[in-house]
1. Give, as a single signed number, the net charge of other residues whose beta carbon lies under 11 Å from the beta carbon of Val111, with Lys and Arg counted +1 and Asp and Glu -1.
2. Among Arg230, Arg238, which comes first, second and so on when ranked by fewest other beta-carbon atoms within 10 Å?
3. Report Rg/Rh for the chain, rounded to two decimals, where Rg is the Cα radius of gyration and Rh the Kirkwood radius.
4. What's the local net charge at Val139, with K and R +1, D and E -1, over the other residues with C-beta under 11 Å away?
5. Counting Lys and Arg as +1 and Asp and Glu as -1, what is the net charge of the other residues whose Cβ lies under 12 Å from the Cβ of Asp69?
6. Going through the range 1-104, which GluC sites (Glu not before Pro) have at most 16 other Cβ atoms within 10 Å and a DSSP loop state?
7. log10 I(q)/I(0), Debye, Cα-only the range 237-280, no solvent, q = 0.29 Å⁻¹?
8. Can you give the Kirkwood hydrodynamic radius for the range 107-219, in Å, rounded to one decimal and based on Cα pairs?
Amino acid sequence: MVGSANYITSVDERPIGMFDSGFGGLTVARAVIDLLPNEHLVYFGDTGRYPYGSKSQADVREFAIEIADHLVETYNIKMLVIACNTAAAAAFEQLEARLSIPVVGVIDAGVKALAKVTQTGRTGVIGTVGAIDSGAYDVAFAEFAGEGLELASAACPGLVEFVERGETSGRQVALLTERLLAPIVKADVDALLLGCTHYPFLARTIADVVGAAVTLVSSADETAFEIRDRLGQLDLRRESLSDAQHRFLSSGDISWFEDLGRRLLGPELATAHSHEWPRP
């Protein structure tokens, strides 16, 4: 009955759609599940075609459009979240123009957070070769960071592959991280944006390399806040007494995705469903 304390109206039952090349976007999924526990979520990990960072912008854009179309047509999603920095750099504008639903990416959210936490104005970003070479962070930094701030960037090929194998610590990871982050250390930054959704899983190793005085910024939480705000502004929030449903899809080895994904995300990833792309 209207007016009862237990009466909650379901506003929009459609799920949020989210995708990444593999497991990195689970950091964003975790933040969304924690912040918006009533929202249904469909997560697509394109593990059959990872890593994206070494692929051309054209290929990544094609993959992103293919996944977005699948999520819209099959699951009737109400919002698309590009939980992959490389894909956001390659395809955000195209997807925003293509789709009739709101599109949220991780790049702008991360840069805004980076600008907030720096004290010296010397900041850094690390990401895949594709994301860094695209110039997307330079564009976002110029738009959102304000005057007087500096940005040092470094591409970090190889780190994603360690995470995808479940190796988030150890001597090999540490040695590669130390070599790749040398330009960041030399730039004497006080805030570092982890410009790949895989990198929060390596936060301890990265912190050991750059030092305790450097604040590490992950775009996951900031992206979740933006998703919450956009849903509210557009009256798309789901408020319901019934439990939210979370569905996970993988284009690669499903048992591997379930095992590693559960360890990285948590118990919400109880099972995953396989998706095979048509052969050309």
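1. Within the 11 Å Cβ shell, the charges total -2.
2. Fewest-to-most ranking of Arg230, Arg238: Arg230, Arg238.
3. 0.97
4. With Lys, Arg at +1 and Asp, Glu at -1, the net is -4.
5. Values: positive: Arg98; negative: Glu62, Glu66, Glu73.
The answer is -2.
6. Details: sites: Glu13, Glu39, Glu62, Glu66, Glu73, Glu93, Glu96; in loops: Glu13, Glu39.
Passing sites in the range 1-104 are Glu13.
7. -0.99
8. Taking the inverse mean of 1/r over all distinct Cα pairs, the range 107-219 comes out at 13.8 Å.
Bear in mind these aren't lab numbers, they're just calculated from the coordinates by the rules spelled out. Since the model is a prediction, treat every value here as computed from it, not as a measurement. Backbone-built Cβ (ideal geometry, glycine too); neighbour counts: all protein chains shown.
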